[in-house]
1. Quick one: how many residues across segment 131-153 are touching a residue at least 24 places away in the same chain (Cβ under 8 Å), under 16 Å from Tyr194 (Cβ atoms) and of a type in the set (Gly, Ala, Ser)?
2. For segment 96-118, how many residues are over 25 Å from Asp169 (Cβ atoms) and either exposed (fewer than 14 other Cβ atoms within 10 Å of the Cβ) or polar (S, T, N, Q) (or both)?
3. Give Val80, Val75, Val121, Val128 a once-over and let me know the one that is without any contact (Cβ under 8 Å) to a residue 24 or more places away in the chain, more than 16 Å from the chain's Cα centre (by Cα) and crowded, with 16+ Cβ neighbours inside 10 Å.
4. Limited to segment 153-206, what total is found for residues that are modelled with pLDDT of 95 or more and on the phi > 0 side of the Ramachandran plot?
5. Working carefully through the options Phe68, Phe148, find the one that is surrounded by 15 or more Cβ atoms within 10 Å (Cβ to Cβ), out of contact with any strand residue (DSSP E or B) (no Cβ under 9 Å at 6 or more places or on another chain) and over 20 Å from Asp40 (Cβ atoms).
6. Could you name every one of the strands (runs of 3 or more DSSP E) located completely within segment 43-145 that has at least 3 residues being among the β-branched types (Val, Ile, Thr)?
7. Identify the single condition in (1) part of a loop (DSSP other than H, G, I, E, B); (2) surrounded by 12 or more Cβ atoms within 10 Å (Cβ to Cβ) that Phe188 does not satisfy, given that it satisfies every other one.
Amino acid sequence: MLFYNRRCLYSTIISFLLCLFSVGLVEAMNFKEIVEHYKDREFYLQHNLWYRDQGKIYWFNYILAGDFIPIGSKVTVIKVKSNTFKFKVEGRTEKFSINMWNCQISYEKFISRILGESPPVLEGLNEVDQKGIQFGKVIEGMSRKGVFFAVGYPPSYSPSREFGSSDADKPLNQSLDSKELVYFKNRFDRILYYFDENDLVVNIRD
């Protein structure tokens with residue numbers, strides 16, 4: 001009986017830990033490790049990155065307003081704080097700042113999607129993908145992978161519509177494989193991309 005109880009206890013503990021990992025409560029890096037990994041180091045942008053005036057970028061990933069830093073650009077991280085992530089781009093004088101306030105996915109996961117230790121591999125993309133990536137926008141006929149390269153990843157929460165707020169509102173885009181992905185130009189203006197059975201963009205609703 002004692003052996004049976006111990007086995008049940010071990011099974012329960014393992015199941016609990018697996019559950020923690022699955023919901024993201026156990027992260028690969030704590031914040032101190034994130035700072036040590038990124039600060040004062042060089043990385044490459046893994047997708048085009050849209051920014052607003054004065055180099056402002058939001059974790060909601062507002063697109064198609066302002067300008068974008070091209071995919072593959074070499075960057076140096078200059079500051080890593082809980083609510084902001086700053087970097088500079090090789091060959092440019094301005095500094096860029098990602099507003100991480102109230103980010104609803106893990107800090108590490110969010111930044112690792114943007115920055116990599118080597119340039120992204122763009123081989124195997126179709127001509128429409130290449131055109132969309134060049135102009136930083138989504139075009140009908142693009143692949144899902146091409147969309148992520150062109151405009152980054154969609155936000156996991158919609159932004160609050162309350163004036164001046166940086167808060168998140170409702171869960172959104174809970175699967176990157178969804179037939180419909182929602183992006184935002186600002187907290188009021190959304191744009192939807194629809195995919196067909198071949199994972200190509202077939203419709204854009206702006």
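1. The number of residues fulfilling the criteria is 3.
2. Step one: list which residues in segment 96-118 are over 25 Å from Asp169 (Cβ atoms), which gives 96, 115-118.
Keeping just the survivors that are either exposed (fewer than 14 other Cβ atoms within 10 Å of the Cβ) or polar (S, T, N, Q) (or both) gives 117-118.
Number of matching residues: 2.
3. On the way: Val80 fails: without any contact (Cβ under 8 Å) to a residue 24 or more places away in the chain; Val75 fails: without any contact (Cβ under 8 Å) to a residue 24 or more places away in the chain; Val121 fails: crowded, with 16+ Cβ neighbours inside 10 Å.
Unique residue meeting the criteria: Val128.
4. Final tally of qualifying residues: 1.
5. Details: Phe68 fails: out of contact with any strand residue (DSSP E or B) (no Cβ under 9 Å at 6 or more places or on another chain).
Among Phe68, Phe148, only Phe148 is surrounded by 15 or more Cβ atoms within 10 Å (Cβ to Cβ), out of contact with any strand residue (DSSP E or B) (no Cβ under 9 Å at 6 or more places or on another chain) and over 20 Å from Asp40 (Cβ atoms).
6. Values: elements: 49-51, 56-58, 67-69, 74-80, 84-89, 95-99.
Where strands (runs of 3 or more DSSP E) fall fully within segment 43-145 and carry at least 3 residues being among the β-branched types (Val, Ile, Thr), they are 74-80.
7. (2)
The values are calculated or read from the model by the stated rules, or taken from the named source; none is laboratory data. Values in this document were obtained by computation on a predicted structure and should not be read as measured data. Glycine also receives a Cβ, built like all others from the backbone with ideal geometry; neighbour counts cover every protein chain displayed.
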